[in-house]
Amino acid sequence: MIPRTVYEPEHEMFRDSVRRFLEKEAVPFHGDWEKAGQIDRALWKKAGAQGFLCPTVPEAFGGVGADFRYNAIVDEEVARLGLTGIGFGLHSDIVAPYLIHHGSEFLKEKYLPGMVSGDIVTAIAMTEPAAGSDLQGVKTTAVRDGDHYLINGSKTFITNGQLADMVIVVCKTDPAAGANGTSLFVVDAGVEGFSKGQNLEKIGMKAQDTSELFFQDVRVPQENLLGKAGMGFAYLMQELPQERLSVGVNAVANAEAALEWTTEYVREREAFGKPLAKFQNTRFKLAELATEVSVARTFLDRCLDLHIQGQLDVPTAAQVKLWCTDMQCRVLDECLQLHGGYGYMWEYPIARAWADARVQRIYAGTNEIMKEIIARSLV
Ligand SMILES: Cc1cc2nc3c(=O)[nH]c(=O)nc-3n(C[C@H](O)[C@H](O)[C@H](O)COP(=O)(O)OP(=O)(O)OC[C@H]3O[C@@H](n4cnc5c(N)ncnc54)[C@H](O)[C@@H]3O)c2cc1C
């Protein structure tokens, strides 16, 4: 086994407390949350009180100003326990950096302390019914109206959509200007004209609320423009690598966990008078999977290390997302197969993980788009 070198002892102490918290506050309830289609909102405040939300937020805005490794630990522990309903990663790893890096003092003061405490749950709305991979095709508009903007349009597939108190919305402020006409707005849930559609029914991640959002003449003060008008696309390109790394972090931790569940299962389950673990096919499969996970872990940790040093570039982040999520799905599929019919039963963690993981190759930019990004850096 290749030892992990990316974490220090203080990170491991943090990991222990995250794990204990999740085992007590989330594991026993996750099945019920799957039926409800969303997690209990109280978990957000409990996690905030423990310092598990938005660790990178600076002290001046209520955070601890830690590095991304603390986010990664929360992601890893959530993934290891198969708690896919919990949208902390989207909130801490994806939404918070937009405010930290591009928000005005006003926006930082208004939102970051609540995001750290769990009083404010957040989402980011890029995707539209007719624009997913092709983000430049976004049709939602924000038109200047005095010292306000008027937002019109709709979004779909938005994680944390039902629970969100604040959403960063990708809009066109100058539709004729292509990518240069894209801007980001901070929109509070509950403002007039902003409505949440249904909680979408998915094939996995059933405890995760994923929604349509509608904007009809939503008046947003100009202070809620994030950064500069027309810079939205540039901000997205800057922040997407961390989102993709975060997906990779989740993928590898989840694949490692699946391998552990499966190793345990094949030791106990018997067929033809002996444990499954005695069949050469089982042993060879496990050997292949362990090797795949190990390769991914080593690559991922190196990228995590580069990211902490501010050196993870866009194509490498795309490689992490591509490689780790493809690996996760391959590993989960083989692990499910080794469970036989029990692997298809929802009560088994491997069944849930298999269904939950499928979307990892789709969101945060599909794996085909990752290949485009990587290819563009080559030719
Ligand atoms: C559970 C879930 C949660 C999500 N959470 C969020 C969220 O919080 N916020 C948000 O904004 N979005 C979210 N999304 C949306 C997600 O990011 C999009 O679904 C994704 O970007 C793909 O867009 P699309 O669904 O429109 O597919 P399309 O863009 O229509 O793609 C369909 C297929 O065509 C392929 N394709 C498209 N363009 C190309 C190309 N140029 N070359 C090769 N192949 C191509 C794609 O790879 C894919 O296989 C979520 C989606 C899901 C399912």
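Restricting to region 328-338, what's the tally of residues that are touching a Leu at 6+ places or on another chain (Cβ under 9 Å) and open to solvent by less than 10 Å² (accessible area, probe 1.4 Å)?
Initial filter on region 328-338 (touching a Leu at 6+ places or on another chain (Cβ under 9 Å)): 330-331, 334-335, 338.
With open to solvent by less than 10 Å² (accessible area, probe 1.4 Å) added as a condition, the list becomes 331, 335.
Residues in region 328-338 being touching a Leu at 6+ places or on another chain (Cβ under 9 Å) and open to solvent by less than 10 Å² (accessible area, probe 1.4 Å): 2 in total.
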Being among the small types (Gly, Ala, Ser), farther than 17 Å from Pro3 by Cα and under 21 Å from the mean Cα position of the chain (by Cα) narrows Ala296, Ala317 down to just Ala317
- Query: Do we have any residue at all in region 55-62 that's touching a residue at least 40 places away in the same chain (Cβ under 8 Å), open to solvent by less than 30 Å² (accessible area, probe 1.4 Å) and of a type in the set (Gly, Ala, Ser)?
  - Reply: no
Going through (1) free of Cβ contacts under 8 Å to residues at least 60 places away in the same chain; (2) within 16 Å of the ligand (Cβ to nearest atom) one by one, Lys110 fails only at (2)
Picking from Lys371, Lys321, the residue that is open to solvent by 80 Å² or more (accessible area, probe 1.4 Å), within 15 Å of the ligand (Cβ to nearest atom) and touching a residue at least 24 places away in the same chain (Cβ under 8 Å) would be Lys371
Per the list (1) charged (D, E, K, R); (2) near the ligand (Cβ under 8 Å from one of its atoms); (3) open to solvent by less than 40 Å² (accessible area, probe 1.4 Å), residue check on Lys172 breaks on (2)
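Residue-wise test of (1) away from the ligand (no atom under 16 Å from the Cβ); (2) touching a helix residue (DSSP H, G or I) at 6+ places or on another chain (Cβ under 6 Å).
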residue: Phe106; (1), (2): yes, yes
residue: Ala123; (1), (2): no, no
residue: Thr141; (1), (2): yes, no
residue: Gly146; (1), (2): yes, no
residue: Asn152; (1), (2): yes, no
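Conditions (1) open to solvent by less than 50 Å² (accessible area, probe 1.4 Å); (2) in contact with a Phe, Trp or Tyr (Cβ under 9 Å, 6 or more places away or on another chain); (3) under 18 Å from Thr56 (Cβ atoms), marked per residue:
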site: Asn224; (1), (2), (3): yes, yes, no
site: Leu259; (1), (2), (3): yes, no, no
site: Tyr265; (1), (2), (3): yes, yes, no
site: Glu268; (1), (2), (3): no, no, no
site: Gln280; (1), (2), (3): no, no, no
Exception for Glu212 within (1) touching a His at 6+ places or on another chain (Cβ under 8 Å); (2) open to solvent by 20 Å² or more (accessible area, probe 1.4 Å); (3) part of a strand (DSSP E or B) falls at (1)
Matching residues in region 204-217 (under 17 Å from the mean Cα position of the chain (by Cα), near the ligand (Cβ under 10 Å from one of its atoms) and hydrophobic (A, V, I, L, M, F, W, C)) number 1
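If I filter region 65-95 down to residues being of a type in the set (A, V, I, L, M, F, W, C) and under 20 Å from Leu306 (Cα atoms), which single residue comes out as surrounded by the fewest Cβ atoms within 10 Å (Cβ to Cβ)? Give the derivation first.
Within region 65-95, the first condition is being of a type in the set (A, V, I, L, M, F, W, C), and the residues that meet it are 66, 68, 72-74, 78-79, 81, 83, 86, 88, 90, 94-95.
If we keep only those that are under 20 Å from Leu306 (Cα atoms) as well, we get 66, 68, 72-74, 94.
On the way: Ala66: 18, Phe68: 21, Ala72: 28, Ile73: 24, Val74: 25, Ile94: 24.
Of everything passing the filter in region 65-95, Ala66 is surrounded by the fewest Cβ atoms within 10 Å (Cβ to Cβ).
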Of the residues in region 263-281, those that are in contact (Cβ under 8 Å) with a residue 12 or more places away in the chain and out of contact with any Ser or Thr (no Cβ under 9 Å at 6 or more places or on another chain) come to Thr263, Tyr265, Arg269
Flagged pairs (Cβ under 8 angstrom, 6 or more apart or on separate chains; first in region 120-140, under 30 Å from Gly48 (Cα atoms) and modelled with pLDDT of 95 or more; second open to solvent by 80 Å² or more (accessible area, probe 1.4 Å) and within 10 Å of the ligand (Cβ to nearest atom)) are Thr127/Phe157
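The values are calculated or read from the model by the stated rules, or taken from the named source; none is laboratory data. Since the model is a prediction, treat every value here as computed from it, not as a measurement. Every residue, glycine as well, gets a Cβ built from its backbone with ideal geometry; the counts of neighbours run over all protein chains shown. Each accessible area value is taken on the protein alone, full model and side chains, heavy atoms only, with ligands, DNA and RNA left out. Shrake-Rupley method; radii C 1.70, N 1.55, O 1.52, S 1.80 Å.
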